[in-house]
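Below you'll find the structure, written out as structure tokens, and then a few comments.
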Amino acid sequence: MQKKAARRDDAMPVKFLHSADWQMGMKALQAGEKAKEVRSKRYETAARIVELAKRETVDFVLLAGDLFEDHAVDESVVRKTVAVLDSFGSIPVFVLPGNHDSLAPGGVWDRQSWQRVGAHVTLLGKAQEVLVSDEVAIYPSPLHQKQSAVDPTEWIPSRAPGDSRIRIGIAHGSLDLLPERSNFPIASRRVNESGLDYLALGDWHGFLQHGKAVYSGTMEQTSFSENDSGNVAIVKIAHAGDEPVISKQRVGKLVWSEHRPTIHDVTDVEQLRIAIRDTGALAIQLIRVAPGLGPDVSDGVVAELESLRKELIEEVFLLDWPEETVNAPPETAVSMPDGVLADVDSCLAAILEGTIPEGPGREAASADPRVVKEARALLRRLAREVAR
């Protein structure tokens, strides 16, 4: 069992800000046409982190990996990021290379634009003890490649007898309690085995705490699949061996949400509307909607769904809701007018049932079934519009 460090009543408490995964220059592909704006928002959020650090009068800042998206980021990205770091002023900032911006020869850390960063910023490029003060020591685990099955924190030594300093590890990788994650695995026992008072982690994009091992998460959400992103951690440690006091602070502005409701009636549409509006102000939301329409859905319900989609298009930051998803499924009863529309509908229905129809419709039998299904849905939507 790890021996608890001797307590020094005259030791000064430490207070710091922990953040990670800024990924400046990220492509933001899920944001579609809003990708450029999403990238720009990250600089605004970084500026809020600087303001928070000053307001909280922290002793230093830890950035636990992936400051940059990759080594190919544009020069303007590096310059703007350096400007943000320089705005911390006299607050020391410790930057750990992660797997996106590892210590690769000729990488982003070798650029002249990075070399101009202020003296208060330290790139943690070696796995060795770094003294912040006589009372605080940092144990960084910088990464040198994109992938590895080796625990980068293995090198961190145990606390020596009589060492009363506050010891903080900083690493980027996958804590072994996370599901299906094996890149740069980090043993959850590392805190106890090495006698750490805090382990600042990066790589997992949501806020997650396991004892003294903490993921701050990314400061702005990067995809629809992430949970509890957009935070930093303000950490206070009074003495070596004490439990850290951790305050999760929201800094992100954009809110990503995904909705996959099954729609049967207007009540379901209204519940979807409420769920979206309860998420926050629409102007800062990136929303993905993929409704499943029940076979009993009526034209009136489809109309309500279409109305909600149009309403959101006007108000949200980004709406990922393809128009074809508000079409009633082909199985829905639709009154097709006699003539060409009815003939085409019959042909498409036959193809979806695995039958090759007679006449001109035979040419469509070789098409991708997904295309045929979408074509029939659009046709039936047209029929509903004609009937109104």
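All of the numbers you see were taken from the coordinates with simple rules; none came from a lab. In this text, all values refer to a predicted model and were calculated from it rather than measured experimentally. Positions of Cβ are backbone-derived with ideal geometry, glycine not excepted, and every protein chain shown enters the neighbour counts.
Tell me, what is the FRET efficiency for residue 148 and residue 341 to the nearest 0.05, using R0 = 56 angstrom and their Cβ-Cβ distance as r?
Details: r = 60 Å, r/R0 = 1.07.
The calculated FRET efficiency here is 0.40.
For 43, 139, 215, which order do you get if you count the other beta carbons within 10 Å of each Cβ and list the fewest first? Please report the intermediate quantities before stating the final value.
On the way: 43 16, 139 22, 215 27.
Fewest-to-most ranking of 43, 139, 215: 43, 139, 215.
Projecting the Cα atoms of 67, 138, 158 onto the charge dipole of region 14-250, computed from C-beta unit charges around the Cα centre, puts 67 farthest toward the positive end.
P(r) tail for the chain: Cα pairs beyond 39 Å make up 36% of the total.
Report the normalised scattering of region 110-226 as log10 I(q)/I(0) at q = 0.18, 0.21 Å⁻¹, calculated by the Debye formula with identical scatterers on the alpha carbons. For region 110-226 at q = 0.18, 0.21 Å⁻¹, log10 I(q)/I(0) is -1.02, -1.26.
Given charges of +1 on the Cβ of Lys and Arg and -1 on the Cβ of Asp and Glu, with all other atoms neutral, how large is the dipole of region 204-260 about its Cα centre, in debye to the nearest 20? Could the numbers behind the result be given before it?
Values: 6 positive and 6 negative charges, 23 e Å.
That gives region 204-260 a dipole magnitude of about 100 debye.
Placing +1 on the Cβ of every Lys and Arg and -1 on the Cβ of every Asp and Glu, with no other charges, gives region 14-250 a dipole of roughly 420 debye about its Cα centre. Counting neighbouring Cβ atoms within 10 Å and putting the fewest first, the residues 338, 176 line up as 338, 176. Placing unit charges on each Cβ (+1 for Lys and Arg, -1 for Asp and Glu) gives the chain a dipole about its Cα centre, and among 356, 30, 17 the Cα reaching farthest toward its positive end belongs to 17.
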